[in-house]
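Enquirer: Can you keep this structure in mind? I'll have questions shortly.
The values are calculated or read from the model by the stated rules, or taken from the named source; none is laboratory data. Computed from a predicted structure; not experimentally measured. All Cβ positions, even for glycine, are placed from backbone atoms using ideal geometry, and neighbour counts span all protein chains on display. Just so you know, the surface numbers come from the protein's heavy atoms only, side chains and all, with ligands and any DNA or RNA stripped out. Shrake-Rupley method; radii C 1.70, N 1.55, O 1.52, S 1.80 Å.
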There are 2 protein chains.
Amino acid sequence: MKAAPSQEEVRRHNLGTLLRYVHIHGATSRAELTTKLGLNRSTIGALTADLTAVGLVTEKGQRETGRAGRPSLLVRPESAMVYAYALNIEVDRLRAARVGLGGVILDRREAPRPREMQVVDAVRPLAGFIHEMRKDVPDGARYVGAGLAVAGMVRRADGMVRLAPPIGWVDQPVGDALVEEIGGDVGPMVVGNIADVAALVEHSRGAAAGRENVIYLYGDVGVCAGIIAGGRRITGHGGYGGEVGHMVINPGGNPCSCGSRGCWETEIGEYPLLRLAGREDRSGREAVLGVVEAAMRGDWAAQQAVRHVGEWIGLGVGNLVNIFNPEAVIFGGTLRDVYLVAAAQIRSRLNEVALPACREHIRLRTPELGADAALIGAAELAFEKLLEDPLLGATG
Amino acid sequence: MKAAPSQEEVRRHNLGTLLRYVHIHGATSRAELTTKLGLNRSTIGALTADLTAVGLVTEKGQRETGRAGRPSLLVRPESAMVYAYALNIEVDRLRAARVGLGGVILDRREAPRPREMQVVDAVRPLAGFIHEMRKDVPDGARYVGAGLAVAGMVRRADGMVRLAPPIGWVDQPVGDALVEEIGGDVGPMVVGNIADVAALVEHSRGAAAGRENVIYLYGDVGVCAGIIAGGRRITGHGGYGGEVGHMVINPGGNPCSCGSRGCWETEIGEYPLLRLAGREDRSGREAVLGVVEAAMRGDWAAQQAVRHVGEWIGLGVGNLVNIFNPEAVIFGGTLRDVYLVAAAQIRSRLNEVALPACREHIRLRTPELGADAALIGAAELAFEKLLEDPLLGATG
């Protein structure tokens, strides 16, 4: 705010605020929008009319309120007609979705990813998914953009994928390669880390809605975190923040794929869990679930494995609680499954490690949106520009 | 920005921006303000006139530029006539200062603090310092407020001091007690953690100026951090973030005063350094300096102690680098002295622990403002309201 913003700038800002509200909260009555956004009825009416004119929302139906008075129209995001493509490169699978405004998954595809597959080799099957899904896009639908979430380190400045477990260094512009392979006018591809985008979605509409200080832990072979502090994502200088799996917590412990020793993920990742359970010949989400289920059935080795991992999860989470004093820690990926069966160990060790003041308002949670958070989050990367300025490039 | 801000709101915002600029950067020419703030010459002139009228800046003198053209007047903060009181409760000393706008220390007092002294017993001597310094305040000087920085955990909502090393739980409203003891119209006292306020000062005008992602480590008996991510301070939900000294990094290690075991400060705090150097009968900054100097002179036990502590500092900093991907780590308090003699160990261990992408742009630094950062930072707590709205309560 250097010069006074014009009426037009204020209007565009308010349009973005309204659109973002219904994007996150779904169908909302004008009355609720008036209250939540702190704008008067006629302004809400004018903004809604503007967004309707460019095809971003519709206004119809009415919610049953049971209260007397004039029924309020519901403002709904045009989920079926405004969409983005979302792509995920995970350790064990490739996923793609067409996601409508409002975070609605309209169509989806999935394929297993062999662990030896190079990240760039994911480009062709992912592009294939897009080509398939394109066929079912209704006439007149508006394409907003595409987002890619990778289980790896992503440079914020240009979306370069630096490092991806378990295959090591990549240093390839995977987003650009995807754009080229997809062809047509798919436009720029915004790239992010999978824990980061899932954290944002759980923060906006999931298990941490309304909380300003949140740690979303995501586990597979490795462990990383999407961290929200004071309502904003911690990215770090280059975009590599949140590599909590490489916090050394056991200096005399096992060697880590990163070259160091005793990293958190050498105690709580997929490999130590399976090894301790006597199942080192297996891998992936199904194998982790197998251990968790065996532990629940009373299998001794599985129980010992879960207890060991639970202790170390609690210790590392305690460290993060001392550093961030968060309101919520969410366990995602395979850590969700482990958390469900090791919650007691985790909480107990956390209470030993975290200072009382730092942990006094903490809630431990599983994701509300499950694995979809990473897909919806990848779409959010693409929706962001539209939400900032809904009239940008509007043709209506 | 819901309704369009009025011209008056824009003016007040710009007044705050200009005042904050000269508060942080000192005397600045109108030409430089025009460039740095992105406002035209006549606007800068009008804003400067407004701030001059209420006694917050003066305009005179001229900087030697060696360039041709009309000399530019310098806008200076009225450091001698606009002031705050700053108070510090540190582990081994109590300090107070009168700090002028611009962060200039105009007067100061200091007394040792016996380690058995309760935090509330610091109230009387600190109030005494204020009474003494009051006598020399020039006629007509404008008092802005008072800030207190404590080497302990401070609740953000109300400034309640929760925990302070080495005396344990406090849970006392030290700021309110100080206001009562000082008497008169000293007004509300803003309370903060000493590492947090020092971090803000090193970030705005010290070793981390211009950097958005900074970790300021502060060591004495314990270790805590003021952390700045994306240009903003990490406070956590209750204000207790940054308790990095209680990050467990050696689970089989020594018991910590917090009740846990293997916390970072059990390896890098004052006690382990002195114990390893065979000097457990001593304590405090002087004793730490004694070990550092002995190590430089070739004392074997002191060298071993410094090497041990350096290794563990490097490991813990590596962890924080993986979590925050910062541009700068600043070593404050007694860690400054240890860093100067153990930089090689610290850097080497850090390089082993931190992922290359996370550490690729990191700088390790000592504070530029030294111990004064905590005093200037305490004053910043009091100046903040004035900088947000320079006309608030103006009588000029």
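Enquirer: Please calculate how many Å² of accessible area the protein assembly as shown carries per residue, with a 1.4 Å probe and no DNA, RNA or ligand atoms counted.
Expert: 40
Enquirer: A follow-up question, please. Kindly write out, for the range B:261-271 in residue order, the coupling ³J(HN,Hα) from the Karplus curve 6.51 cos²θ - 1.76 cosθ + 1.60 (θ = phi - 60°), rounded to whole Hz, with x marking Gly and Pro.
Expert: 9, x, 4, 3, 5, 6, 10, 10, x, 5, 4
Enquirer: Counting each pair of different Cα atoms once, what's the Kirkwood radius of the protein assembly as shown in Å, rounded to one decimal? Show your work: numbers first, answer last.
Expert: Numbers: mean 1/r = 0.0350 Å⁻¹.
Evaluated over the protein assembly as shown, this radius sits at 28.6 Å.
Enquirer: Taking only Cα atoms, what is the 0 to 90° angle, nearest 10, from helix A:285-297's long axis to the longest principal axis of chain A?
Expert: 60
Enquirer: Of all DSSP beta bridges located in the protein assembly as shown, what percent are antiparallel, nearest 5? Write out the running numbers ahead of the final one.
Expert: Working: 74 of 118 bridges.
Taking every DSSP beta bridge with both residues in the protein assembly as shown, the antiparallel ones total about 65 percent.
Enquirer: Follow-up question, since we're still on this one. Whole percent per 10 Å bin, from 0 to the bin with the longest distance: what is P(r) over all C-alpha pairs of the range A:11-160?
Expert: 10, 32, 26, 19, 10, 2, 0
Enquirer: Please work out the Kirkwood hydrodynamic radius for the range B:275-396, using every pair of different C-alpha atoms, and report it in angstroms with one decimal place.
Expert: 16.6
Enquirer: Taking θ as phi - 60°, what are the ³J(HN,Hα) couplings along the range B:358-367 by the Karplus curve (6.51, -1.76, 1.60), each to the nearest whole Hz, with x for Gly and Pro?
Expert: 6, 9, 5, 10, 7, 10, 9, 9, 9, x
Enquirer: Counting only residues 5 or more places away or on other chains, whose amide H sits under 5 Å from the amide H of B:Asp107 once H atoms are built in the peptide plane?
Expert: Amide H neighbours of B:Asp107, under 5 Å, 5+ apart: B:Arg98.
Enquirer: Among bridges DSSP assigns within the range B:210-367, what percent are antiparallel (round to 5)? It would help to have the intermediate numbers written out before the result.
Expert: Working: 10 of 19 bridges.
Among the beta bridges of the range B:210-367, antiparallel pairing accounts for roughly 55 percent.
Enquirer: For A:Gln172 and B:Arg261, what is the calculated FRET efficiency with R₀ set at 51 Å and r taken between the beta-carbons, to the nearest 0.05?
Expert: 0.75
Enquirer: Show me, for the range B:134-140, the HN-Hα J-couplings you get by feeding each phi into the Karplus relation (A = 6.51, B = -1.76, C = 1.60, θ = phi - 60°), rounded to Hz, glycine and proline as x.
Expert: 4, 4, 9, 6, x, 4, x
Enquirer: Also, I was wondering about something else. Would you mind giving the total buried accessible surface between chains A and B, with a 1.4 Å probe and ligands, DNA and RNA left out, rounded to the nearest 100 Å²? Walk me through the numbers before you get to the answer.
Expert: Working: alone 18080 and 18090 Å², together 31690 Å².
Result for this pair: about 4500 Å² buried.
Enquirer: Expressed as a whole percentage, what fraction of the accessible surface of chain B belongs to carbon and sulfur atoms when a 1.4 Å probe is rolled over the protein heavy atoms?
Expert: 49
Enquirer: In addition: If you count, for every residue in A:311-321, the Cβ atoms of partner chains within 10 Å of its Cβ, what is the mean?
Expert: 3
Enquirer: Only Cα pairs within less than 10 Å get springs; with that Gaussian network setup on chain B, which residue of B:Gly242, B:Gly230, B:Gly16 has the largest fluctuation?
Expert: B:Gly230
Enquirer: Moving on to the next point. So what is the relative contact order of the range A:248-396, in percent, for Cα pairs below 8 Å that sit 6 or more residues apart?
Expert: Details: 177 pairs, mean separation 27.0, N = 149.
Worked out over the range A:248-396, it gives 18 percent.
Enquirer: Let me have the relative contact order for chain A, percent, based on Cα pairs under 8 Å that are six or more residues apart.
Expert: 17
Enquirer: Counting DSSP beta bridges in chain B, what percent are antiparallel, to the nearest 5?
Expert: For chain B, the DSSP antiparallel bridge percentage is about 65.
Enquirer: With N set to the residue count of the range B:210-367, report its C-alpha Rg divided by 2.2 N^0.38 Å to two decimal places.
Expert: 1.00
Enquirer: Starting from the amide H of A:Gly332, placed 1.01 Å from N in the peptide plane, find each other amide H under 5 Å away whose residue is 5 or more places distant or on another chain.
Expert: Amide H to amide H, under 5 Å and 5 or more residues apart or across chains, A:Gly332 pairs with A:Leu217, A:Tyr218, A:Gly219.
Enquirer: A further question on this structure: Which residues' amide hydrogens lie under 5 Å from the amide hydrogen of B:Gly26, considering only partners 5 or more residues apart or on another chain, with H built in the peptide plane?
Expert: Amide H to amide H, under 5 Å and 5 or more residues apart or across chains, B:Gly26 pairs with nothing.
Enquirer: Can you work out the FRET efficiency for the pair B:Ile105 and A:Arg155, with r the C-beta to C-beta distance and R0 = 41 Å, to the nearest 0.05?
Expert: 0.45
Enquirer: Still on this structure, please answer the following. Pick from A:Asp281, A:Asp92, A:Asp107 the residue whose mean-square fluctuation is largest in a GNM of chain A, springs joining Cα atoms under 10 Å.
Expert: Result: A:Asp281 has the largest fluctuation of those listed.
Enquirer: Once you average over the residues of B:226-239, how many Cβ atoms of partner chains fall within 10 Å of each Cβ?
Expert: Values: counts 0, 4, 0, 10, 9, 1, 4, 2, 8, 6, 14, 15, 7, 2.
Mean inter-chain Cβ contacts per residue within 10 Å come to 6.
Enquirer: Out of every Cα-Cα pair in chain B, what percent are more than 26 Å apart?
Expert: 56
Enquirer: Which whole number gives the average count of other chain Cβ atoms within 10 Å of the Cβ atoms across peptide B:247-258? Let's see the in-between values first.
Expert: Values: counts 11, 12, 7, 6, 12, 3, 1, 0, 0, 1, 0, 6.
Across the residues of B:247-258, the mean count of other-chain Cβ atoms within 10 Å is 5.
Enquirer: Another question, if that's okay. Using a 10 angstrom cutoff on alpha carbons, build the Gaussian network for chain B and name the most mobile of B:Ile194, B:Ile182, B:Ile313.
Expert: Greatest mean-square fluctuation among the candidates belongs to B:Ile182.
Enquirer: Given a Förster distance of 22 angstrom, what is the FRET efficiency for B:Lys60 paired with B:Asp136, based on the Cβ-Cβ distance and rounded to 0.05?
Expert: With R0 = 22 Å, the Cβ-Cβ based efficiency is 0.35.
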